[in-house]
């Protein structure tokens, strides 16, 4: 158990800086490293354990929901080392 009057500290997993922690540290609390601005979540308050905080934009992309349908014609041809597109078709689209 932590001693009174001794502030808790932790090391930032991103930059290694020492972070002074608030005395009322709670699991799930998100703190920010003052050195590198990394957002860290308190995984454990005693002993202190920090990990990267989950952001709303940190999600796994679901390719099935993007409306793209797989087309067998798009398969990569290892023998020709290409996708089957004719490079000569687009030559007229570019000005030299």
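Points to keep in mind about this one:
- Theoretical gain in end-to-end length, residue 45 to residue 18 [0.36 nm per residue, Cα-Cα removed]: 8.1 nm
- Largest to smallest principal axis extent of the C-alpha atoms in region 9-52, angstrom: 22, 16, 13
Read the figures in this text as sums done on the coordinates, not as results from a lab. Since this is a predicted model, take the numbers as computed values, not measurements.
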